[in-house]
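A short worksheet on the structure shown next.
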């Protein structure tokens, strides 16, 4: 199940190919980084949306030049305590201006959602608990933030200083 | 000989598995098992729907002296009987003693 | 001191509500302990041997009387009437119930306090000089920078799940009283050749299993770039710090394995690539923050020094206290007073609710309501008129707070150890008590000396930095104590070296005695212990300690 940043829940309509699978001619698919590197020319030929699953050990600059080909990037939280993908997300959104869907997968828990969204994620792979425990409310737990972040929400220092002078 | 101990979820107090889903702050009520049965005892203690009343159930070594059970390790003796120094010397979280006053504050 | 504005108030209120809901979900069985642990740790709640332990944040050790009274109230209402001040300038309460914690946090929020990030793998309490603002040797007050870092590092979305905890210290004085070099990131405020004020940045310091001193990664960082540079340093750590081995996950291991220069280069590259303007600190903001820390309106009438001299002449005990517990203040006629929480034979760093209330009263009467916590586990009244010292001392003395031992051998830093702590491998408090009791009679003869005791390798008691360090370990079910020599905090920070096989619990005091005898016999011209140790080496100490009887 997918949780969107507006709190709505929906189904995942993407197909996530494993490395052995043949690439279907149509329909939205995601591939691993290895698969992208191996089959890039063929993948670029496809007309339907393409997504990339990026391990949290890869620095975003390594795929920066390819970002225009992807409508979806899936970043990984192998354990919820492994926070590397927060930095990846932030760099992708700000330094590399990635504007497509940025999805958090792996061990995604309710109490991380707000951090994730602030770093630029806008969709989240969640389980049934998300419905039962109304996870969407996690996004609204704070409206005071002390950091500048990709979600562009006002942050305290800037709010205190007032509108930035040119 | 081993028993199972953990800390109570709601207040952190030291508790011991007394069998049949029950946990007790009194170590002498703990269900003891010989070493070959210990893992089965632990599994029984860990069972049950969430939230489990005890955090981190583990087996600890004890000796029996008549009606009483005594933990073998110093750490478990301190858990069972309280700090060995300071205002709460010899008291556990569940002792109903009033908070010490400044003039009780001695070793 | 810094006062919360509407944003800060609203933030801590939101945090309390969020945490209250987390506790509710835990007690309702919606969160497993594995899921809840990081959440409670991000609010400083540990599970220890006897109960939960709440570590309350005291940002850079700054308290006022209202906060201290609330802490006293909390210890009395929710705990057992006492608390333990820590080496991170925080306060730990050891008998806490999970179900009470949301209410405790709400009480803290009402006096502009919280327990956010006093644990967990994120930024911890940023520490600084307990004499900040009043030290005669400081370039500038470091607290505005510590406060800016505190706010920016609070619930940071990118850095709340780092490989391991992250500690920052700031110092702005000639003498480093904040042990900056043992921090993950250290900041020394200084002036460059052009006369501009900025930071020397150190990285990779830390104690624990692999004690290392921080190394300089940037000689001069302009003040406006403070946050963007820390962000770059953290981003490199978040990306490359080890996550496969708990004991190798601190930034010190990354800096060590890359080499300080390579780490510095990585950070520099990241920093230059980042949007520095987005988080640059404008001068107006720095000035606004600094204005929160203006010094109080001192009574500028001259201190009655004749009366001070008479009191000193009339009481040897008071004279000792003035000598050891008061420090030069930058405003004439005033003194900085350290209140020792090291009464001989009691628990280092412990303070009862009544004592907290007394200190709060004294702060109101004599120190403009201000109190500080020093990382040496003592309290500080930063603005006391010299001619009020005698009355102050008498009242402290009557409450068991009159110990005159700051910087002496009985001023022992000591973690709670196995009497409370779930991580400890041995007790540390009883060792401190025995050593202090034994050494009290000779402390003046020994002079400046630091003994630091940890009950496990995590080194909360900073044992590596003690002139004599003591580490309690478990050896086949028995508590034994490893002794290190030659450590030092501050400007000449050094990590002590293990002298030899660990000694048994009942042998520790005798062992320290022998080591001190060697020092007293061989020191020259008022050398401090680390100097003597560096000059004569380990051999004479080893010989004295391990010679067959």
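The values are calculated or read from the model by the stated rules, or taken from the named source; none is laboratory data. Fair warning: this is a prediction, and the values are worked out from it, not measured in the lab. Cβ placement follows ideal geometry from the backbone for every residue including glycine, while neighbour counts extend to all protein chains displayed.
Taking the conditions exactly as written (surrounded by 22 or more Cβ atoms within 10 Å (Cβ to Cβ) and either away from chain B (no Cβ under 13 Å) or in contact with a strand residue (DSSP E or B) (Cβ under 8 Å, 6 or more places away or on another chain) (or both)), does residue C:49 satisfy them or not?
yes
Taking the stated definitions as given, is residue C:2 more than 30 Å from residue B:91 (Cβ to Cβ), in a loop (DSSP other than H, G, I, E, B), under 26 Å from the mean Cα position of the chain (by Cα) and more than 8 Å from every other protein chain (Cβ to nearest Cβ)?
On the way: more than 30 Å from residue B:91 (Cβ to Cβ): yes; in a loop (DSSP other than H, G, I, E, B): yes; under 26 Å from the mean Cα position of the chain (by Cα): yes; more than 8 Å from every other protein chain (Cβ to nearest Cβ): yes.
In short, yes.
If residue C:4 passes every condition in (1) touching a residue at least 60 places away in the same chain (Cβ under 8 Å); (2) under 30 Å from residue A:133 (Cα atoms); (3) surrounded by fewer than 21 Cβ atoms within 10 Å (Cβ to Cβ) but one, which one does it miss?
Against the list (1) touching a residue at least 60 places away in the same chain (Cβ under 8 Å); (2) under 30 Å from residue A:133 (Cα atoms); (3) surrounded by fewer than 21 Cβ atoms within 10 Å (Cβ to Cβ), residue C:4 comes up short only on (2).
Sort out for me the strands (runs of 3 or more DSSP E) sitting completely within segment A:1-115 that have 3 or more residues that are more than 30 Å from residue C:33 (Cβ to Cβ).
Fully inside segment A:1-115 and qualifying: A:29-32, A:50-54.
Of all residues in segment A:133-166, which are facing chain C (nearest Cβ under 8 Å) and surrounded by fewer than 19 Cβ atoms within 10 Å (Cβ to Cβ)?
A:133, A:141, A:142, A:143, A:159, A:160, A:161
What are the pairs with Cβ atoms under 7 angstrom where one residue, in segment C:527-549, is surrounded by fewer than 16 Cβ atoms within 10 Å (Cβ to Cβ) and the other, located anywhere, is modelled with pLDDT of 95 or more? Sequence gap at least six, or different chains.
Correct list of pairs: C:534/C:486; C:538/C:485; C:538/C:497; C:538/C:499; C:542/C:499; C:542/C:500; C:546/C:500.
Does residue C:3 satisfy the criteria of being farther than 21 Å from residue B:50 by Cα and modelled with pLDDT of 95 or more?
Considered against the rule, which asks whether it is farther than 21 Å from residue B:50 by Cα and modelled with pLDDT of 95 or more, residue C:3 comes out as yes.
Can you tell me which residue among C:108, C:63 is surrounded by fewer than 24 Cβ atoms within 10 Å (Cβ to Cβ) and either under 21 Å from the mean Cα position of the chain (by Cα) or more than 29 Å from residue C:292 (Cβ to Cβ) (or both)?
C:108
Examine segment C:337-348 for a residue that is at pLDDT 95 or above, in contact with a strand residue (DSSP E or B) (Cβ under 6 Å, 6 or more places away or on another chain), within 13 Å of another protein chain (Cβ to nearest Cβ) and buried (at least 22 other Cβ atoms within 10 Å of the Cβ), and state whether such a residue exists.
The answer is yes, given that some residue of segment C:337-348 is at pLDDT 95 or above, in contact with a strand residue (DSSP E or B) (Cβ under 6 Å, 6 or more places away or on another chain), within 13 Å of another protein chain (Cβ to nearest Cβ) and buried (at least 22 other Cβ atoms within 10 Å of the Cβ).
For segment C:497-509, enumerate the residues that are surrounded by fewer than 16 Cβ atoms within 10 Å (Cβ to Cβ) and over 18 Å from residue C:529 (Cα atoms).
Residues satisfying the conditions are C:500, C:501, C:504, C:506, C:507.
Working carefully through the options C:107, C:14, C:35, find the one that is part of a helix (DSSP H, G or I) and within 12 Å of chain B (Cβ to nearest Cβ).
Result: C:35 is the single residue among C:107, C:14, C:35 that is part of a helix (DSSP H, G or I) and within 12 Å of chain B (Cβ to nearest Cβ).
Based on this model, can you work out whether residue A:53 counts as at pLDDT below 95 and touching a helix residue (DSSP H, G or I) at 6+ places or on another chain (Cβ under 9 Å)?
no
Return the residues of segment C:405-422 that are surrounded by fewer than 24 Cβ atoms within 10 Å (Cβ to Cβ), farther than 16 Å from residue B:82 by Cα and either within 14 Å of another protein chain (Cβ to nearest Cβ) or over 18 Å from the mean Cα position of the chain (by Cα) (or both); say none if nothing qualifies.
Of everything in segment C:405-422, nothing turns out to be surrounded by fewer than 24 Cβ atoms within 10 Å (Cβ to Cβ), farther than 16 Å from residue B:82 by Cα and either within 14 Å of another protein chain (Cβ to nearest Cβ) or over 18 Å from the mean Cα position of the chain (by Cα) (or both).
Suppose we filter segment C:17-32 for residues that are assigned to a helix (DSSP H, G or I) and over 24 Å from residue A:143 (Cβ atoms); how many remain?
Step one: of segment C:17-32, the residues assigned to a helix (DSSP H, G or I) are C:17-27.
Checking the rest, the ones that are also over 24 Å from residue A:143 (Cβ atoms) come to C:26-27.
The number of residues fulfilling the criteria is 2.
Taking the stated definitions as given, is residue C:494 surrounded by fewer than 23 Cβ atoms within 10 Å (Cβ to Cβ) and touching a helix residue (DSSP H, G or I) at 6+ places or on another chain (Cβ under 9 Å)?
Taking the combined requirement at face value, the residue satisfies it.
What are the residues in segment B:1-19 that are within 11 Å of chain C (Cβ to nearest Cβ), part of a strand (DSSP E or B) and in contact with a helix residue (DSSP H, G or I) (Cβ under 6 Å, 6 or more places away or on another chain), if any?
B:14
Can you work out which of the residues in segment B:39-65 that are in a strand (DSSP E or B) and more than 12 Å from every other protein chain (Cβ to nearest Cβ) is farthest from residue C:35 (Cα to Cα)? Full working, then the answer.
First pass over segment B:39-65, keeping only residues in a strand (DSSP E or B): B:54-65.
Within this subset, residues satisfying the condition of being more than 12 Å from every other protein chain (Cβ to nearest Cβ) are B:59-60, B:62-65.
On the way: B:59: 23, B:60: 25, B:62: 31, B:63: 35, B:64: 37, B:65: 40 Å.
That would be B:65.
Of all residues in segment C:240-291, how many are in a loop (DSSP other than H, G, I, E, B), away from chain A (no Cβ under 14 Å) and either crowded, with 17+ Cβ neighbours inside 10 Å or modelled with pLDDT under 95 (or both)?
Final tally of qualifying residues: 1.
Restricting the search to segment C:149-158, which residues are crowded, with 24+ Cβ neighbours inside 10 Å and more than 7 Å from every other protein chain (Cβ to nearest Cβ)?
C:153
Within segment B:66-100, take every residue that is within 7 Å of chain C (Cβ to nearest Cβ) and modelled with pLDDT under 80 and give me the one that is surrounded by the most Cβ atoms within 10 Å (Cβ to Cβ).
Only one residue fits best here, namely B:100.
How many of the residues in segment C:500-526 are without any contact (Cβ under 8 Å) to a residue 12 or more places away in the chain and not in a helix (DSSP H, G or I)?
Selection size over segment C:500-526: 3.
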